[in-house]
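Notes follow the structure.
The values are calculated or read from the model by the stated rules, or taken from the named source; none is laboratory data. Not measured: the values here are computed from a predicted model. Note that we place each Cβ from the backbone using ideal geometry, even for glycine, and neighbour counts take in every protein chain shown.
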Amino acid sequence: MQKSANLSLTSNQEREVQRQLAQIRRGVVEIVPEQDLVQKLRASIATGQPLRVKLGMDPTAPDIHLGHTVVLNKVAQLQAMGHIAHLVIGDFTGQIGDPTDKSETRKQLTPKQVEDNARTYKEQVFKVLDPAKTELVYNSTWLAALRFAEVVRLASTLTVARMLEREDFTKRFRENRPIHVHEFFYPLMQAYDSVALHTDIELGGTDQKFNLLMGRTLQKEFGQQEQVAVMMPLLEGLDGVHKMSKSLGNYIGINESTLQMYGKTMSIPDRLMPRYFELVSQVSNEDLTEIVRGLTDGSYHPRDAKMRLARELVVRFFGEAAADAAVQHWREVFQQGDIPTDIPEISITHGRYWVVRLLVELGLAQSNSEARRAVEQGAVRVNGQRVEDVNSELDVSDGMVVQVGKRRFSRCRTSGV
């Protein structure tokens with residue numbers, strides 16, 4: 001995409017530039033540099049040529065949760081503007097693993113693990129992205145073909161001092177923890193993806209800033225126009241503290257059951273509702289302003305906001321009929337039932353619990369045998385959903401309501417390890 005300094009746009013085209021820019025800015029932490037983004041948008045609108053938007057996803061885990069959709073939603077917004085998304089499945093880089101936010105070297109995945117995870121990613125990602133405007137590519141296509149001399153050239157573009165500017169590497173270096181040479185190649189290979197694809201815009205979380213800027217460095221080295229880096233925030237999970245993560249049990253998976261998705265959304269801490277609407281909802285910017293105003297001045301009850309968001313999410317991933325059923329179930333159990341408003345709140349470490357152990361931890365059963373009997377008798381519900389298997393393991397999230405019988409309830413308040 002050529003720069004647009006000398007382009008002359010009509011007033012309608014200029015308004016379209018500003019409309020797209022306002023939509024892109026929503027929820028974004030940083031755009032580097034924003035003036036380049038404006039130029040790229042002007043050139044795209046003037047010529048009718050879509051921008052090339054890159055999102056890299058290393059298949060290091062099999063499932064996508066709501067935290068992942070923060071960036072995916074931004075890609076979908078760009079697709080709705082007419083731009084083309086390059087979804088880069090990092091089947092090559094995934095075997096190394098991005099060391100970002102890690103205190104030690106990541107365990108390298110086998111090609112089979114990467115292949116299995118990538119398959120699941122593909123099945124889930126098009127619940128958010130438009131497949132007609134998505135080019136799915138694998139970075140092994142160009143990275144595996146590089147000759148050793150070309151790899152050396154890549155390495156020559158970066159100094160060790162620059163690499164050690166990364167906070168994770170600096171911390172490990174100071175603590176005398178090992179840093180393996182192959183880890184230095186991750187940001188270079190990820191950046192080379194942008195060279196191979198002639199990327200205009202690359203998206204990622206704030207923890208990916210170093211990698212995204214490295215793409216600009218390599219593109220300049222190869223004589224290309226540099227990409228714009230658009231960085232999204234990391235979404236807090238249901239505990240309201242840590243970023244959403246399956247390992248912490250504070251996540252909402254996009255492949256969970258409709259009742260789990262609805263129930264977990266209803267347990268989001270009240271104070272995070274403006275943030276969730278901004279980052280994961282598809283409401284218009286005008287509606288978002290009204291929602292945030294109402295939540296701030298108290299005219300919009302957080303419970304009503306959660307019900308609106310919960311329904312929207314179930315509709316998006318499962319359809320209208322499934323959402324109607326989830327809403328009806330919630331109302332029957334939590335609004336029309338005999339659930340008290342003053343449910344005891346029990347502090348518990350977030351994580352995955354055997355249902356029997358959880359009942360004992362919450363004081364809803366005096367012993368494992370009593371807890372087993374309650375499950376076997378069908379007396380145990382989690383967020384209104386009956387637990388039928390005594391061997392079930394549950395991901396405990398903040399605000400989750402556990403019920404035994406008609407009169408015993410506990411609301412989980414999770415804490416870190």
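For segment 27-77, name all the residues that are assigned to a helix (DSSP H, G or I), under 24 Å from THR93 (Cβ atoms) and among the charged types (D, E, K, R).
Selection gives LYS74 alone.
Touching a residue at least 24 places away in the same chain (Cβ under 8 Å), closer than 30 Å to VAL315 by Cβ and among the β-branched types (Val, Ile, Thr): is that true of ILE254 in this structure?
Spelling it out, ILE254 is indeed touching a residue at least 24 places away in the same chain (Cβ under 8 Å), closer than 30 Å to VAL315 by Cβ and among the β-branched types (Val, Ile, Thr).
When you scan segment 74-93, how many residues do you find that are buried (at least 20 other Cβ atoms within 10 Å of the Cβ), among the β-branched types (Val, Ile, Thr) and either over 24 Å from PHE277 (Cα atoms) or touching a His at 6+ places or on another chain (Cβ under 6 Å) (or both)?
3
Looking at VAL29, VAL17, VAL38, which one is assigned by TED's automatic domain parsing to the domain that holds ALA144, within 30 Å of ASN255 (Cβ to Cβ) and modelled with pLDDT of 95 or more?
Only one candidate qualifies: VAL29.
Does GLY351 satisfy being touching a Gly at 6+ places or on another chain (Cβ under 7 Å), modelled with pLDDT under 90 and not assigned by TED's automatic domain parsing to the domain that holds VAL292?
Yes: the conditions hold for GLY351.
Find the helices (runs of 4 or more DSSP H) located wholly in segment 302-417 whose residues include 3 or more that are under 26 Å from LYS127 (Cα atoms), and list them.
Where helices (runs of 4 or more DSSP H) fall fully within segment 302-417 and carry at least 3 residues being under 26 Å from LYS127 (Cα atoms), they are 302-318, 320-330.
Name the single residue that is farthest from GLN124 (Cα to Cα) among those in segment 27-62 being among the charged types (D, E, K, R) and surrounded by fewer than 16 Cβ atoms within 10 Å (Cβ to Cβ).
Taking the candidates together, the pick is GLU34.
Mind telling me which of the residues ILE201, ILE179 ends up being at pLDDT below 90, in contact with a Leu (Cβ under 9 Å, 6 or more places away or on another chain) and either surrounded by 13 or more Cβ atoms within 10 Å (Cβ to Cβ) or under 26 Å from GLY27 (Cβ atoms) (or both)?
ILE179
Report the residue count in segment 180-194 for those that are aromatic (Phe, Trp, Tyr) and within 23 Å of the chain's Cα centre (by Cα).
Adding up the residues that qualify gives 1.
What is the residue count in segment 243-263 for residues that are assigned to a loop (DSSP other than H, G, I, E, B) and within 19 Å of LEU309 (Cα to Cα)?
Matching residues across segment 243-263 total 8.
Condition first: more than 17 Å from ASP398 (Cβ to Cβ) and either acidic (Asp, Glu) or within 18 Å of the chain's Cα centre (by Cα) (or both). Now tell me which residues in segment 284-324 satisfy that.
Those that are more than 17 Å from ASP398 (Cβ to Cβ) and either acidic (Asp, Glu) or within 18 Å of the chain's Cα centre (by Cα) (or both): GLU286, ASP287, GLU290, ASP297, ASP304, GLU312, LEU313, VAL314, ARG316, PHE317, GLU320, ASP324.
What is the number of the single condition among (1) over 21 Å from the mean Cα position of the chain (by Cα); (2) over 16 Å from GLN224 (Cα atoms) that GLY205 does not meet?
(1)
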